[in-house]
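Written below as structure tokens is the structure these notes are about.
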Amino acid sequence: MNGKRASGGGSENALAEAFRHAPEPMAVTGADGAIQHANQALTELFGADEAELTGRPWFDLLESHDVEHGARAHQEAVSGNWARRSRLRLAVTDKSSRMAEIGLRPLTDDHGPASGAIVLFHALSTEEADLRVVGDLRTDNSDSVLWSLDLSNGRLRELFGPTPLGGLLAGDDRELEHILERVHPDDTARVRDAIAVSFAGRDYEQRFRIFDRLGDERSLHVRARYVPGQPDRLVGIVDDVTEHVQLVRRLADRRRTEAEHGRLVTELSSKLVSATTVDKVMDLLSEEFLPIFGGTGAAALYVEEGLLRTSPSARERGYVEHIDGRRADDTDFPMGAVIQDRQPRFFESRAEIVSRFPAAVELMRSVRGQAWATVPIFGDGKIALGVWQMVWDRPHHASRDERALMLTFAGLAGQALQRIKAQQAELELADAVQRRMLPRQVASFPDMDIATKYLPSRAEWRICGDFYDVIELPDNKVGLLVGDVQGHGVEAAAAMGQIRVAFRAYATNQSDPGVVLGETNRLLTETGEIVFATCGYLVVDRGSGVMQAAWAGQPPAVLASRGTYELWSPETGPPLGVLADTEYTVTTRVLAPGTTLLLCSDGLVESSEVTMQDGLAQVGEALAEHGENPRAAAQVLAEMAPAGRGDDIALLVTRMIPRATPPPEQAESPENLPVNAG
């Protein structure tokens, strides 16, 4: 075909025959693209003999809109840039065309410039053309790459030419190792493991992160099929799923935020429902609800004697210093207007609220806010109990969900305030009942120093039934009583009073403490009321110091002298009111002169955080130090309260006063001998 080589021997003739009968259409052209030789497949493709094709530039065989592209591809091939194939349309007849893939190879001497080119016309079948079009559409300006990996040398190529994503991921680099260097460090190991398996003949599919040539992190979904051959290959597709992954992350973050939001709403609603003071309700609305609505400040105020009031902690923050104490019916301000008509008001800007409430201009200057929401706090009777205001530091439109949620919380707050007011009334009544039931002043004796103390619980609304009593008995005896009625509130306080009165009545007619407990127990069980009480009752002979004790579930008594103490646990029976026929055993012991005795309810020495053993140990040490002065000891015990103040506390401290030592000359006189001397 080239002049020098055509004059050769049989090998050149063989090459010429191979060219002429090759299955693919081919042409040999000059440097200008004119056809010098056309093989049989090319002439059959165009329905013309070789003479008709010879001398025509091969790119004139293309559709008119592809001629210029073909001429440019020819010049690039002659110049040495011949690696790419071009998909162009052939004008096979006047009325039809076929898609073809054109391959160009330059004809060069050993050292000279290209004298022409060999042009390969691969006419695509309809199915191939359709697949090529689909491939073009799949990769053209998309986040996909159709790729092939030569497993013999680890080189990649894009099946349909460079794509934007391919340029970002690889550019002109075709070495697999160089591309793997940009895989995210956390994904490198598993990507390399999967590639190694693919080299052994397995298909490939994986998602991983990679840094593109601009340094941005991308998430890829790579799929490939193993294609055996010479060489073996992986042929597949790369999809950029970064946006999808980011969307999934955003949705997951949103779900987490919504879940946290829901958890917070539930938690705060529970706190509102269980709040036990007005200040606690106000503080919850003023502080803990801000994160839900994204506000920068909030104020909750309740109506008290016609004035707006808030909690002390809110006043300390200074946010409501210009509101606290204002008249609740002053409709020149948003709070008063909302309380008056019980309708919420939402203002999206400072200008909007000032235009509606001009009198609030001075008030607005003290608040750095751009949007406000003010909702009423009302109870079952639709009477406004207060108002709740949320502030944002930028213009804010309260959505329908936000408005509904604020009104829901305000409703819960109103219910809590109503409940608290009812509980407060019950507390005041129970406190009055309890103080009337306890003895205003206990009996006093010249040879005994007695101190008593009652401490109400500090655990919101817990008025209980703890009680004490000192009963003067016949035969120079005294009864010492401490008890605890189960339950709280007015019922417990009333039951305590009944038990104490009944106990005193039985005790004045019966010296045996076990019988007194038994009679009181029988009375409680016969009334039909479900009332239980623990109780410790001591009868002390003031002359001999002999103590007789009957116990119904009370903590041990504590006996202390200077620097030491011990616990005394009389034999105990069940609490009063449990079993009708219970007999209570009497335990006897001597209270020596100078010894201090403590009876107390369990609220002093036991709680969920403090065991009774630890509480009694602390009480015993304090009594050993201060027991010589029962009143001082009672005060010390009340202040230390080892178990805290979560329950009522009743305590009774008594000390047998030592008798004065007689002069030596009177020591053996019969009238100075102890009464129990033998």
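Some observations on this one:
- Matching residues in segment 29-66 - criterion: being assigned to a helix (DSSP H, G or I) and open to solvent by 70 Å² or more (accessible area, probe 1.4 Å): Gln40, Glu44, Glu50, Ala51, Glu52, Asp60, Ser64, His65
- Within segment 338-365, tally of residues that are more than 37 Å from the chain's Cα centre (by Cα) and within 20 Å of Lys382 (Cα to Cα): 2
- Scanning segment 284-313 for residues that are open to solvent by 40 Å² or more (accessible area, probe 1.4 Å) and in a helix (DSSP H, G or I) turns up Glu287, Glu288, Pro291, Pro312.
- Any hit, segment 542-553, residues being part of a loop (DSSP other than H, G, I, E, B), more than 22 Å from Ser511 (Cβ to Cβ), open to solvent by 20 Å² or more (accessible area, probe 1.4 Å) and free of Cβ contacts under 8 Å to residues at least 40 places away in the same chain: no
- Residue in segment 74-85 that is at pLDDT below 80, buried (at least 16 other Cβ atoms within 10 Å of the Cβ) and either within 18 Å of Ile35 (Cβ to Cβ) or in contact with a Cys (Cβ under 8 Å, 6 or more places away or on another chain) (or both) present: yes
- From the options Ala189, Ala259, residue that is within 45 Å of the chain's Cα centre (by Cα), open to solvent by 30 Å² or more (accessible area, probe 1.4 Å) and modelled with pLDDT under 85: Ala259
- Scanning segment 616-629 for residues that are modelled with pLDDT of 95 or more and open to solvent by less than 10 Å² (accessible area, probe 1.4 Å) yields Leu616, Val619, Gly620, Leu623.
- Those residues of segment 554-578 which are part of a strand (DSSP E or B), touching a residue at least 24 places away in the same chain (Cβ under 8 Å) and not small (Gly, Ala, Ser), in sequence order: Val558, Leu559, Thr564, Tyr565, Glu566, Leu567, Leu576
- Tally of residues being assigned to a strand (DSSP E or B), open to solvent by less than 10 Å² (accessible area, probe 1.4 Å) and either at pLDDT below 90 or closer than 19 Å to Ala552 by Cβ (or both) across segment 460-485: 12
- For segment 326-359, filtering for residues that are free of Cβ contacts under 8 Å to residues at least 24 places away in the same chain, among the β-branched types (Val, Ile, Thr) and assigned to a helix (DSSP H, G or I) leaves 2.
- Take the conditions (1) at pLDDT below 95; (2) closer than 23 Å to Ala624 by Cβ; (3) touching an Asp or Glu at 6+ places or on another chain (Cβ under 7 Å); Leu559 misses just one of them, which is (1).
- Criterion applied to Val278, Val265, Val241, Val245 was being within 30 Å of Gln340 (Cβ to Cβ) and crowded, with 16+ Cβ neighbours inside 10 Å, and the one residue passing it is Val278.
- Any hit, segment 495-512, residues being part of a strand (DSSP E or B), at pLDDT below 90 and crowded, with 24+ Cβ neighbours inside 10 Å: no
- All of (1) open to solvent by 30 Å² or more (accessible area, probe 1.4 Å); (2) closer than 14 Å to Asp239 by Cα hold for Ala196 with one exception: (2).
- Checked against the criterion of being open to solvent by less than 90 Å² (accessible area, probe 1.4 Å), part of a loop (DSSP other than H, G, I, E, B), modelled with pLDDT of 80 or more and more than 29 Å from Val238 (Cβ to Cβ), the candidates Val119, Val92 yield just one match: Val92.
- Tabulated pairs, segment 625-646, first closer than 19 Å to Ser457 by Cβ and in contact (Cβ under 8 Å) with a residue 40 or more places away in the chain, second open to solvent by less than 10 Å² (accessible area, probe 1.4 Å) and assigned to a loop (DSSP other than H, G, I, E, B), C-beta under 8 angstrom, 6+ apart or interchain: Ala643/Val605
- Some residue of segment 24-41 being at pLDDT below 90, out of contact with any His (no Cβ under 9 Å at 6 or more places or on another chain) and over 12 Å from Ala117 (Cβ atoms): no
- Residues of segment 587-611 classified as surrounded by fewer than 20 Cβ atoms within 10 Å (Cβ to Cβ), within 47 Å of the chain's Cα centre (by Cα) and of a type in the set (A, V, I, L, M, F, W, C), total: 1
- Qualifying residue in segment 377-400 (condition: without any contact (Cβ under 8 Å) to a residue 60 or more places away in the chain, assigned to a helix (DSSP H, G or I) and hydroxyl-bearing (Ser, Thr, Tyr)): no
- Failed item, numbered, when Thr596 is tested on (1) among the β-branched types (Val, Ile, Thr); (2) under 18 Å from Val470 (Cβ atoms); (3) free of Cβ contacts under 8 Å to residues at least 24 places away in the same chain: (3)
- Leu272 being modelled with pLDDT of 85 or more, of a type in the set (A, V, I, L, M, F, W, C) and open to solvent by less than 20 Å² (accessible area, probe 1.4 Å): no
- Any chance His488 is modelled with pLDDT under 85, open to solvent by 30 Å² or more (accessible area, probe 1.4 Å) and part of a loop (DSSP other than H, G, I, E, B): yes
- Residue that is nearest to Ser444 (Cα to Cα) [pool: residues in segment 630-647 that are of a type in the set (D, E, K, R) and surrounded by fewer than 15 Cβ atoms within 10 Å (Cβ to Cβ)]: Arg631
- In segment 499-523, the residues that are aliphatic (A, V, I, L, M) and touching a helix residue (DSSP H, G or I) at 6+ places or on another chain (Cβ under 7 Å): Ile499, Ala502, Ala507, Val516, Leu523
- Some residue of segment 218-234 being among the acidic types (Asp, Glu) and touching a Lys or Arg at 6+ places or on another chain (Cβ under 7 Å): no
- Of all residues in segment 566-584, those satisfying the criterion of being under 25 Å from Gly603 (Cβ atoms) and surrounded by fewer than 22 Cβ atoms within 10 Å (Cβ to Cβ) are Glu566, Leu567, Trp568, Ser569, Glu571, Thr572, Gly573, Pro574, Val578, Leu579, Thr582.
- Top-ranked residue of segment 347-368 - restricted to ones that are touching an Asp or Glu at 6+ places or on another chain (Cβ under 9 Å) and modelled with pLDDT of 85 or more, ranked as most open to solvent (accessible area, probe 1.4 Å): Pro358
- Any hit, segment 214-225, residues being of a type in the set (Gly, Ala, Ser), more than 20 Å from Thr408 (Cα to Cα), in contact (Cβ under 8 Å) with a residue 40 or more places away in the chain and open to solvent by less than 70 Å² (accessible area, probe 1.4 Å): yes
The values are calculated or read from the model by the stated rules, or taken from the named source; none is laboratory data. None of the values given here were measured: they were computed from a predicted structure. So basically every Cβ, Gly included, is an ideal-geometry build from the backbone, and we count neighbours across all protein chains shown. With ligands, DNA and RNA removed, areas are computed over all heavy atoms of the protein, side chains included. Shrake-Rupley method; radii C 1.70, N 1.55, O 1.52, S 1.80 Å.
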